[in-house]
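The structure appears below as structure tokens.
The values are calculated or read from the model by the stated rules, or taken from the named source; none is laboratory data. Because the structure is a prediction, the values reported are computed rather than measured. So basically every Cβ, Gly included, is an ideal-geometry build from the backbone, and we count neighbours across all protein chains shown. These accessible areas exclude ligands, DNA and RNA; they are computed on the full protein's heavy atoms, side chains included. Shrake-Rupley method; radii C 1.70, N 1.55, O 1.52, S 1.80 Å.
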Amino acid sequence: MTDPRLIHLVDDDEAIRHSASFMLRHAGFRVKTYPDGVAFLSQVGEAEPGCILLDVQMPQMDGLEVQDALNARGVAMPVIVLTGHGDVGVAVRAMKAGAVDFVEKPYAKETLVGALTRAFERLEARRREDVLSDEARGLIERLTPREREVLLGLVDGQTNKAIAETLDISPRTVEIHRANVMEKMGASSLSTVLRIAFAAGLGTR
């Protein structure tokens, strides 16, 4: 991730945009501001990944409507909603829609920075998972079709004998394919093979 971390601040109050930007930049973040949800949505397709700090009370589209639009577009950036009315119902709706946190106005610097830190940790964890998934899929692509069939049997929890019966081959042949699978994956144990398979999405559908 580009350092420092980027925050997309969406708030129709110019004074808040200015003060929050100043505070967050001094806390070590980069900040890009937007005057309303419509302006943000018009640019989000080309926006650099970061965390979205989204005000609830805005003209044209409120924060929850903007959040719905982001979800509909498949935007995966973490969202923190800002509410100035202590509206528990709004906070609950936002969290159910995928917001990682909500912060009530007026907020303390420590509260906002803490929420943003948690949001960035989630974003970075998701990126690490994506990298692991790509690596795992790359390892599985090295397998022959038969080796992949044996792997799927292992993922399903089958014994060598059961895999052999399913594939109509001998248990000894299954053992050979299983050894090849472990070698190609660089795995020293069945548990490692299974972790790689699950990271690649096998057995999750």
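Tabulated values for the structure
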quantity: Unmet criterion (only one of (1) touching a residue at least 24 places away in the same chain (Cβ under 8 Å); (2) under 20 Å from Arg127 (Cβ atoms); (3) among the hydrophobic types (A, V, I, L, M, F, W, C)) for Val100; calculated: (1)
quantity: Looking only at region 3-55, and only at residues there that are touching an Asp or Glu at 6+ places or on another chain (Cβ under 7 Å) and assigned to a loop (DSSP other than H, G, I, E, B), the one that is least open to solvent (accessible area, probe 1.4 Å); calculated: Asp11
quantity: So Arg93, is it surrounded by 13 or more Cβ atoms within 10 Å (Cβ to Cβ), assigned to a helix (DSSP H, G or I) and modelled with pLDDT under 90; calculated: yes
quantity: Criterion (at pLDDT 90 or above and farther than 28 Å from Val131 by Cβ) met by exactly one of Asp87, Asp36; calculated: Asp36
quantity: Selection within region 56-81 - farther than 22 Å from Thr117 by Cα, polar (S, T, N, Q) and crowded, with 16+ Cβ neighbours inside 10 Å; calculated: Gln57
